[in-house]
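Working notes, beginning with the structure itself.
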Amino acid sequence: MSRIGKKPIPLPSSVKYKVDGNTVLVEGPKGKVSALVAEGISLKTADGHLLVEREHDRYAAVHGLTRALVFNAVQGVTEGWKKELDIVGIGYRAELKGKGTVVFTLGYSHPIEFPLPTGIEVAIDPKQTHLTVSGIDRQKVGQVAADMRALRKPDPYKNKGVRYSDEKLKKKAGKTGAK
């Protein structure tokens, strides 16, 4: 039995779900998110919790996956998801242009305009070096944060670039001078 798949998902009273074929639509105070439900997996409600059950042991491989996807959807419509990024480097910064575009200055010869997909919000601190990417879809939030990080990955020698706030970097030693 899947350890993750057995865990019940707490279902707040403000959250409603509807299974339609192989997708589940989770609706809550922050919006709507759909998640995939694998074949042979069913959802049941019992005393304020959502249970993910499988028909047969041959569906064991997707039991925990389906539970995790449904949990992410429930968590997203109640609390939301967020990723934090730091920009390190002299002259490196980001600023909002309108509501749907972030403009990065990352040491290139030109500023980089990054359009935001629907459902994603970005907050930038006054120093313009700390970004918070937030939304209700965990996959979309993570992908947007990864795309922003990919604009200028942290340099292993000077640690300059865009990185996650909780990311630990190993700094490499530079060349040693010849004697």
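Each value in this text was obtained by applying a stated rule to the coordinates, not by laboratory testing. Source: prediction; values computed, not measured. A quick note on method: Cβ atoms are made from the backbone with ideal geometry, for glycine too, and the neighbour counts reach across all protein chains shown.
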When the charge dipole of the chain is computed with +1 on Lys and Arg Cβ and -1 on Asp and Glu Cβ about the Cα centre, the Cα farthest towards its positive end, among Y157, I136, I112, belongs to Y157
Rounded to the nearest Å, the spacing of the alpha-carbon centers of the stretch 94-138 and the stretch 1-73 is 32
In a Gaussian network model of the chain with springs linking alpha carbons closer than 10 Å, the residue among D47, D20, D155 that fluctuates most is D47
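For I4 and H130, what does the FRET efficiency come to when R0 = 41 Å and r is the distance between their Cβ atoms, rounded to the nearest 0.05?
Approximately 0.80, to the nearest 0.05.
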Relative contact order as a percentage, the stretch 3-78, C-alpha pairs under 8 Å and 6+ apart, gives 37
Of the stretch 93-123, those with amide N under 18 Å from the point 7 Å along the Cα→Cβ vector of K153 are 106-108
Any GluC sites (Glu not before Pro) in the stretch 77-135 that lie in a DSSP loop and have at most 14 other Cβ atoms within 10 Å would be E79
Here the relative contact order (percent) of the chain, from C-alpha pairs under 8 Å and at least 6 apart, is 18
